[in-house]
1. Does ASP116 count as of a type in the set (Asp, Glu), over 28 Å from ARG335 (Cβ atoms) and either buried (at least 24 other Cβ atoms within 10 Å of the Cβ) or touching a residue at least 40 places away in the same chain (Cβ under 8 Å) (or both)?
2. THR133 fails exactly one of the following numbered conditions: (1) more than 17 Å from GLU310 (Cα to Cα); (2) crowded, with 19+ Cβ neighbours inside 10 Å; (3) not small (Gly, Ala, Ser). What is the number of that condition?
3. I need a count of the residues in region 329-345 that are surrounded by 19 or more Cβ atoms within 10 Å (Cβ to Cβ) and over 22 Å from THR64 (Cβ atoms).
4. Would you confirm whether or not region 62-77 contains a residue that is part of a helix (DSSP H, G or I) and in contact with a strand residue (DSSP E or B) (Cβ under 8 Å, 6 or more places away or on another chain)?
5. State whether the residues of region 185-202 include one that is modelled with pLDDT under 95, aromatic (Phe, Trp, Tyr) and either at negative phi or buried (at least 16 other Cβ atoms within 10 Å of the Cβ) (or both).
6. Mind checking which residues of region 78-113 are assigned to a strand (DSSP E or B), among the small types (Gly, Ala, Ser) and over 22 Å from GLY333 (Cα atoms)?
7. Given (1) of a type in the set (A, V, I, L, M, F, W, C); (2) over 29 Å from ASP298 (Cα atoms); (3) in a helix (DSSP H, G or I), identify the lone condition not met by ILE136.
8. Closer than 29 Å to GLY209 by Cα and at pLDDT below 95: does that describe MET78?
Amino acid sequence: MLPEQIFSLSEKYKERTEKLAQSYQILYDVEEIDIATAPKDLVWNDGKISLYRYQRKTKATVKTPLLISYALVNKQDMMDLQPDRSVIRKFLDLGLDVYIIDWGYVTRADRYTSMDDYINGYIGGCVDYIRKTHKIDKVNLLGVCQGGTFSTIYSAINPQKIKNLVVMVAPIDFSNKEGLLFQWSTYLDVDKMIENNGGIMPGEMLNIGFDMLKPMSKFRKYTSVVDMMDDEAKLMNFLRMEKWVANSPDQAGECFKQFIKDLYQDNKLIKGELVVGKHKVNLKNLTMPVLNIYAEADHLVPPPCSIPLEKHIGSKDVQTYKFPGGHIGVFVGARSQNELSPTIVSWLKERD
């Protein structure tokens, strides 16, 4: 090895060592990693399910309140990750009156909680609370990922209660096997899996599965940490995201089994064969305006799983919106703040 090469390596080593030393001090000074800090009030609950209303300093400029239903697999905190990367705060700034559902944390006592409980029971309870509180017949409903699938089902069963439906990165047509998650789910013995885990689906196990979809992404993510260690803002962004990812609740076995078998494996929603509780779900009942948002680079819910919604519903007012990013970028990217959130609010205002 030439002397200049040895000197170059020595300088790089010195630089890395200095960055690590700075990072230890930054980490030492971190008292708490705060996420989801937009002020909100608990207004309704049913067991472990809570409904929150976000505080506003001024009167909403959109008359009809918006209810947000997030997926069960992660916490809804992603919608308000931090003040400068918050869909919720953007919605509030643009004039919406915003409610959000917190699904709580499942234990084995909840093993028999079903899709009917979540959709007709809990989403239905939140919708009715808002309708009663505001003395209105219909609310705006926004569903995210699995919460978008649930919101679509609820709206098809109760079209008279939904004024406008917005779905974001939601799996609707499960026939396309472009995504690895959809391929795995086709062959999953979900009954045995739930039985072996005491009636629930562990959130930790789901996170391992998600990591396996793109294993090198996680490797690259952690190897890049050293490069941000001397930048407190970037490091805190990283830590907030990691805190959210790690907070993955367990899933109620009964609901998880029906979601996998009836949707991922049998695609019953699109086929018109899905039964939730006492209700057969007919997508043609979706006659309200619908905004369907999919992410162009989404590896969890590939575009072909979301786009077909427009072909199966009864509404004549349907807009399918392509977001140029990935599944998470829909919530936290700069484009989400500057383009997507204003588009949603503008769309709702036009139909208010």
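The values are calculated or read from the model by the stated rules, or taken from the named source; none is laboratory data. Model, not experiment: these values are computed from the prediction. Note that we place each Cβ from the backbone using ideal geometry, even for glycine, and neighbour counts take in every protein chain shown.
1. Judged against the criteria, ASP116 is a match.
2. It is condition (2) that THR133 fails.
3. Number satisfying all stated conditions: 5.
4. Initially, region 62-77 is screened for residues part of a helix (DSSP H, G or I), giving 76-77.
Within this subset, residues satisfying the condition of being in contact with a strand residue (DSSP E or B) (Cβ under 8 Å, 6 or more places away or on another chain) are 76.
Yes: region 62-77 contains one or more residues that are part of a helix (DSSP H, G or I) and in contact with a strand residue (DSSP E or B) (Cβ under 8 Å, 6 or more places away or on another chain).
5. yes
6. Initial filter on region 78-113 (assigned to a strand (DSSP E or B)): 80-82, 85-86, 98-102.
Still in the list and also among the small types (Gly, Ala, Ser): 86.
Those that are assigned to a strand (DSSP E or B), among the small types (Gly, Ala, Ser) and over 22 Å from GLY333 (Cα atoms): none in region 78-113.
7. (3)
8. Details: closer than 29 Å to GLY209 by Cα: yes; at pLDDT below 95: yes.
For MET78, the condition - closer than 29 Å to GLY209 by Cα and at pLDDT below 95 - is met.
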